[in-house]
Amino acid sequence: DTAHPYRAALQLIRERITARLAQLDGARVAAIAHRVVHGGSRYFEPVRVDAGVLADLKAFIPLAPLHQPFALEAMDIL
């Protein structure tokens, strides 16, 4: 459902970050931190997300089906 309020909020955050960066000469985002509900038995502390980490986190969706998909979507949007 593309009308979900969570998706609209993420789009708004992205738009505001983009607009603010446009006002700053040469500024860019170096990193964005995002908390994920379930890291399974593998992730207990912050990690840099790459394709392998994303695949692992997607595999944990059954452990937190109401939250994990939205956390992963937030990473994709932002």
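The numbers here are math on the coordinates, done by the rules we state, and not lab data. Treat the numbers as computed from the prediction; the structure is a model and nothing was measured. Neighbour counts run over all protein chains shown; Cβ positions are idealised from the backbone, glycine included.
With n ≥ 4 as the cut-off for DSSP H runs, can you work out [θ] at 222 nm for the chain, using -39500 (n - 2.57) per run divided by the number of residues, rounded to the nearest 500?
Calculated at 222 nm, the ellipticity per residue is -15500 deg cm²/dmol.
Can you tell me, using C-alpha contacts under 8 Å and at least 6 residues apart, the relative contact order of the chain as a whole percent?
Over the chain, the number comes to 41 percent.
Per 0.36 nm of contour for each residue apart, how much would the distance between Leu78 and Tyr6 grow if the chain were fully extended, relative to their Cα-Cα spacing?
24.7 nm
For the chain, with only Lys/Arg (+1) and Asp/Glu (-1) charged at the beta-carbon, what is the dipole magnitude about the Cα centre, in debye rounded to 20?
140
With the Cα gyration tensor of the chain in hand, convert its eigenvalues to equivalent ellipsoid semi-axes via √(5λ) and list them largest first in whole Å.
26, 17, 8
What FRET efficiency do you get for Ile17 and Ser41 if R0 is 30 Å and r is their Cβ-Cβ distance, rounded to the nearest 0.05?
0.35
Once the Cα atoms of helix 5-23 and of the chain are each reduced to a long axis, what angle between those two axes, in degrees from 0 to 90 to the nearest 10, is obtained?
40
Percent of alpha carbon pairs in the stretch 14-58 separated by more than 17 Å?
So the pairs more than 17 Å apart make up 48 percent of the total in the stretch 14-58.
Computed FRET efficiency, Cβ-Cβ of Arg28 and His67, R0 30 Å: what is it to the nearest 0.05?
0.50
Put +1 on the Cβ of every Lys and Arg and -1 on every Asp and Glu Cβ in the chain; which of Ala31, Pro65, Met75 then has its Cα farthest towards the positive end of the dipole?
Final value for the positive-end residue is Ala31.
With everything on Cα atoms, drop me the angle between helix 68-77 and the longest principal axis of the chain, reported from 0 to 90° to the nearest 10.
For helix 68-77, the angle is close to 30 degrees.
When the chain is modelled as a GNM with alpha-carbon springs shorter than 10 Å, which of Ile61, Ile32, Ile13 fluctuates the most?
Ile32
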